[in-house]
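Chemist: Sharing a structure below in C-alpha cells format, with a few things to ask.
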Amino acid sequence: MKKRERVKRKDNVVFFPGIEKRLTDKGLESLHNKRFSEAIDLLEEAREHDPDNDEILIGLVMAYFEASAFQKAKVLAKEMLHKGVGDYFQMVDLYLTVLIQLHEYQEIITTIEVLLDEKEVPPEKYDHFLTILQFSRKMALNHTPEMPGSMEEEDKNQKLELFSLSTLNEQMLLVSSLAEKNIRPYLEEIEEYLKAEAGHPFLKSILLTLLKDQEIDRPIIIQKLAMESTVVPAGLPEVGMQPKMLEVKAALEKRFESSNPVLYENITSLVERIFFISYPMDLEPRSPYAWAAAFHLLAEEYHGMQSDITELAIEYGAESEEIELAIRQIDHIEKISYPNL
C-alpha cells in the first residue's frame, strides 16, 4: 500500500499534501505566460512549504528578474550559490546576469576572479567568463557612483562605441546594460549601428525594442538581412505581437496543439526565434500560410519525419514556390541564430 503523505500544519492552518507542487506548477506556468507578479506570489508561497526546492528557487529568481526586481533576484541567487542549490555554473550565469542589470561591475569582477583562481571553470565556459570579466573591467573604469544630478551629465560624456568592441559577446553585454538607462544620449550611435551592414541582426532587434520601450518617435533607418527600411520605433508592434507571426502561430496552433503538443511547442520556439531576429522586417513571401507550412516541414524534418511539400501547400492553401522561399529564409536566419553567450 502506498504511504500517504502527511498533512502539514503551520500556525494552526492545515495544508493538504502536494500543495507545494501545485503552487510550483502554477507559478512556473504564470512565469512562462509572462504574468510575473502572479508567478512571484505563487512561487514565494511554494517556497514557504519547500524552501530548498531547486525548481522553485530558480523559477523565483527568474520571476524576480523578469519583473525587474533585480535586488531580490540578486539576494536569492547569491543565497543559492552559497548553499550550493541547483547547477553551480548555471547559477553563476544567472547571478552575473542580474549583476549586469544592476551595473555592479566590481561584484562581477570579484566573482569571476574567484572562479578563475579556483581553476575549476569547465574549458567550454572559460572564454565566456573571461569575456564578461574584460567587459566588466572596462565598464567599472567608466562607472562611478552617481551624485544627485550627475547622471545626465555623465550620460552626455559617455559613448557606447559598439563597433570598437572586438567580439559579439562584448557587444551583447554592453547592449544588455542599456536596459535600465536613458537611451537618448546614445541615440546617434545606436542609429549608426542599426543602419550599418556590419551590425548583428539579433543585437539590432534588442536595440529596436529598447528604442520602442523608451518611445523614440523619430524615423530610424535599419539595415538587416540584406534589406533596408525606415521605421519609427514608437510605432512598431511589440516583437511578440508582429501580425504575420501571430497569423503563422495561429495556423500552426490549429494544426498541432491538440494532435502533437510537443511538436507544436518546438515549432513555436522556432517561429519566435526567426521573427525576433528578422524584426521588424517583413520578409518574403508575404503569405503567413506559406511560412506556417515551411515551419511545419522543417520541424518535422528536425524530428526525423518526412513531409511532402505539395501536400503541405494544399493543406495550408499556399504555393509550393513560396513555401520553398520561406524555408530558404529560415535556413539563412538559423545560421545567424542567437549570439552564444
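Chemist: Could you check the stretch 305-315 and list, in sequence order, the residues that are of a type outside the set (S, T, N, Q) and either within 14 Å of Ser269 (Cα to Cα) or surrounded by fewer than 19 Cβ atoms within 10 Å (Cβ to Cβ) (or both)?
Modeler: Met305, Asp308, Ile309, Glu311, Ile314, Glu315 - these are the residues of the stretch 305-315 that are of a type outside the set (S, T, N, Q) and either within 14 Å of Ser269 (Cα to Cα) or surrounded by fewer than 19 Cβ atoms within 10 Å (Cβ to Cβ) (or both).
Chemist: Exactly one condition in (1) assigned to a loop (DSSP other than H, G, I, E, B); (2) in contact (Cβ under 8 Å) with a residue 60 or more places away in the chain is false for Met305; which is it?
Modeler: All conditions pass for Met305, except number (2).
Chemist: Let me ask something else. For the stretch 176-201, what are the residues that are open to solvent by 60 Å² or more (accessible area, probe 1.4 Å) and not in a loop (DSSP other than H, G, I, E, B)?
Modeler: Step one: list which residues in the stretch 176-201 are open to solvent by 60 Å² or more (accessible area, probe 1.4 Å), which gives 180, 182, 184, 188, 192, 195, 197-198.
Arg184, Glu188, Glu192, Lys195 - these are the residues of the stretch 176-201 that are open to solvent by 60 Å² or more (accessible area, probe 1.4 Å) and not in a loop (DSSP other than H, G, I, E, B).
Chemist: I'd like the full set of residues that are without any contact (Cβ under 8 Å) to a residue 60 or more places away in the chain and either in contact with a Gly (Cβ under 9 Å, 6 or more places away or on another chain) or open to solvent by less than 60 Å² (accessible area, probe 1.4 Å) (or both), limited to the stretch 103-128. Step through it out loud before you land on a result.
Modeler: Here is the first cut: in the stretch 103-128, the residues without any contact (Cβ under 8 Å) to a residue 60 or more places away in the chain are 104-127.
Across the stretch 103-128, the qualifying residues are Glu104, Tyr105, Glu107, Ile108, Ile109, Thr111, Ile112, Leu115, Leu116, Val121, Pro122, Lys125.
Chemist: Sticking with this structure for a sec: Picking from Ala251, Ala290, which residue would you name as being touching a residue at least 60 places away in the same chain (Cβ under 8 Å), more than 27 Å from Val232 (Cα to Cα), of a type outside the set (Ser, Thr, Tyr) and assigned to a helix (DSSP H, G or I)?
Modeler: Going through Ala251, Ala290 in turn, just one is touching a residue at least 60 places away in the same chain (Cβ under 8 Å), more than 27 Å from Val232 (Cα to Cα), of a type outside the set (Ser, Thr, Tyr) and assigned to a helix (DSSP H, G or I): Ala251.
Chemist: Is it the case that the stretch 227-247 has a residue that's at pLDDT below 90, closer than 30 Å to His303 by Cβ and in contact with a helix residue (DSSP H, G or I) (Cβ under 6 Å, 6 or more places away or on another chain)?
Modeler: Within the stretch 227-247, one or more residues are at pLDDT below 90, closer than 30 Å to His303 by Cβ and in contact with a helix residue (DSSP H, G or I) (Cβ under 6 Å, 6 or more places away or on another chain).
Chemist: Now for a different question. Phe135 - would you say it is open to solvent by less than 20 Å² (accessible area, probe 1.4 Å), within 26 Å of Val175 (Cβ to Cβ) and modelled with pLDDT under 85?
Modeler: Yes: the conditions hold for Phe135.
Chemist: Report, by residue number, each residue of the stretch 19-52 that is open to solvent by less than 40 Å² (accessible area, probe 1.4 Å) and either within 21 Å of Val98 (Cα to Cα) or of a type in the set (Lys, Arg) (or both).
Modeler: Scanning the stretch 19-52 gives Gly27, Ser30, Leu31, Ala39, Ile40, Leu43.
Chemist: Moving on to the next point. Failed condition for Pro243, given (1) without any contact (Cβ under 8 Å) to a residue 40 or more places away in the chain; (2) farther than 27 Å from Leu194 by Cα; (3) out of contact with any Lys or Arg (no Cβ under 9 Å at 6 or more places or on another chain), with all others met?
Modeler: Result: Pro243 passes all but (2).
Chemist: Has the stretch 211-222 got any residue that is assigned to a helix (DSSP H, G or I), of a type in the set (A, V, I, L, M) and at pLDDT 90 or above?
Modeler: yes
Chemist: Now a separate question. State all residues of the stretch 279-304 that are within 17 Å of Leu252 (Cα to Cα) and either among the aromatic types (Phe, Trp, Tyr) or open to solvent by 40 Å² or more (accessible area, probe 1.4 Å) (or both); if no residue qualifies, say none.
Modeler: Selection gives Arg286, Tyr289, Trp291, Phe295, Glu301, Tyr302, His303.
Chemist: Also, I was wondering about something else. Mind listing whichever residues of the stretch 220-231 are within 23 Å of the chain's Cα centre (by Cα) and open to solvent by 40 Å² or more (accessible area, probe 1.4 Å)?
Modeler: Of everything in the stretch 220-231, just one residue is within 23 Å of the chain's Cα centre (by Cα) and open to solvent by 40 Å² or more (accessible area, probe 1.4 Å), namely Gln223.
Chemist: I would also like to ask the following. Six or more apart or on different chains, Cβ under 6 Å: which pairs go from a residue in the stretch 274-287 that's in contact (Cβ under 8 Å) with a residue 24 or more places away in the chain and in a loop (DSSP other than H, G, I, E, B) to one that's open to solvent by less than 30 Å² (accessible area, probe 1.4 Å) and among the aliphatic types (A, V, I, L, M)? Could you list them?
Modeler: Pro280/Val231; Pro280/Leu236; Pro285/Ala326; Ser287/Ala318
The values are calculated or read from the model by the stated rules, or taken from the named source; none is laboratory data. It should be emphasised that the depicted structure is a prediction, and the values quoted were computed from it without experimental measurement. With ideal geometry, Cβ positions are generated from the backbone for all residues, glycine too; neighbour counts draw on all protein chains shown. Side chains included, ligands, DNA and RNA excluded: accessible areas come from the protein's heavy atoms. Shrake-Rupley method; radii C 1.70, N 1.55, O 1.52, S 1.80 Å.
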